[in-house]
1. Subtracting the Cα-Cα distance from 0.36 nm times the residue separation, let me have the gained length for residue 303 to residue 142 in nm, one decimal.
2. Indicate, rounded to the nearest 5 percent, the antiparallel portion of the DSSP beta bridges found entirely in region 122-215.
3. Kindly list the residues of region 182-197 that lie in the label zone of residue 131, defined by a backbone N under 17 Å from the point 7 Å along the Cα-to-C-beta vector.
4. Helix 9-29 against the longest principal axis of the chain: what's the angle in degrees, Cα atoms only, rounded to the nearest 10?
5. How many percent of DSSP beta bridges within the chain run antiparallel, rounded to 5?
6. Given labels modelled 7 Å from the Cα in the Cβ direction, how far is it in nm from residue 187 to residue 204?
7. Subtract the Cα-Cα distance of residue 290 and residue 60 from 0.36 nm times their separation in residues, and report this length gain in nm to one decimal.
8. If the viscosity is 1.306 mPa s and the temperature 10 °C, what Stokes-Einstein diffusion coefficient in µm²/s follows for region 122-215 when Rh is the Kirkwood radius over Cα pairs?
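What follows is calculated from the coordinates using simple rules that are stated; it is not laboratory data. Since we're looking at a predicted model, the values are computed, not measured. Glycine also receives a Cβ, built like all others from the backbone with ideal geometry; neighbour counts cover every protein chain displayed.
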């Protein structure tokens, strides 16, 4: 299970056991669309991929192409992209920052599609009894977040608008489950998190929102694949993105039905799921020049804050295909 030598060693070590299991399962199934024609998809609790898994619609879509689908759940985007780097999955979805960190670390992936992000789908939270009232109050405070996640960019932009530097806070890098535990116990002062964890914290913990993306530059969400898979199987990528577009349009018009469908699949309360479903304006698209420019702003912000080791050019990792363009144009 090859791993690019420049990807952060601490993250790779922490996830090795999980990815060994994923890789073993994928290899026994055939892997990478080769003998057995198995497509390995990494997904998170939120997002359209979770909807496709619950619907079973992608499995049906890919049958004419001779594929079956294997699904692997990840707690956040950085872990999913490390799995792509390890060739343990072929396709996945993340927010904007994880691929920036991955590209800076030498991960072999490509952007193949995009989604608009919701301005209220993630936030900086404090406990209901906290004395913190605005972002400026975070100076010197302990803030829990998943490093390299979409929430990392929200924090960076919110601090900038409040006149603070990243060094003015004390980041505590934790995966969502561990961050929630730290937040509940009071060992951190604030938590930066996305849906559905955000909606769950609002409901169960009565957490208070300091800021979300409503007054900030909201980046896109992305679909990624290994470069080899995208280049060798553009028809499969087109089929996936086309089905995602269909699903997104349905979800936009049927939030209650969507929540009822996927809540038991992801193990969350239906009202929590409905809350985060309503926060996303789904609309799958190819990665165009406007989206590349938006993502370059994200990359430059992380480089400017010294959170990635080198300046990157987002366009270098963008994959486009007339097959994908045609698949999305006909939906």
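1. On the way: separation 161, 0.36 × 161 = 57.96 nm, distance 2.22 nm.
Going from the current span to full extension adds 55.7 nm.
2. On the way: 8 of 14 bridges.
Once the DSSP bridges in region 122-215 are tallied, antiparallel ones form about 55 percent.
3. 186-190
4. It works out to around 30 degrees.
5. Working: 18 of 33 bridges.
Counting DSSP beta bridges with both partners in the chain, the antiparallel share is about 55 percent.
6. 1.7
7. Numbers: separation 230, 0.36 × 230 = 82.80 nm, distance 3.26 nm.
Full extension from residue 290 to residue 60 adds 79.5 nm.
8. Details: Rh = 12.7 Å.
Here the translational diffusion coefficient equals 125 µm²/s.
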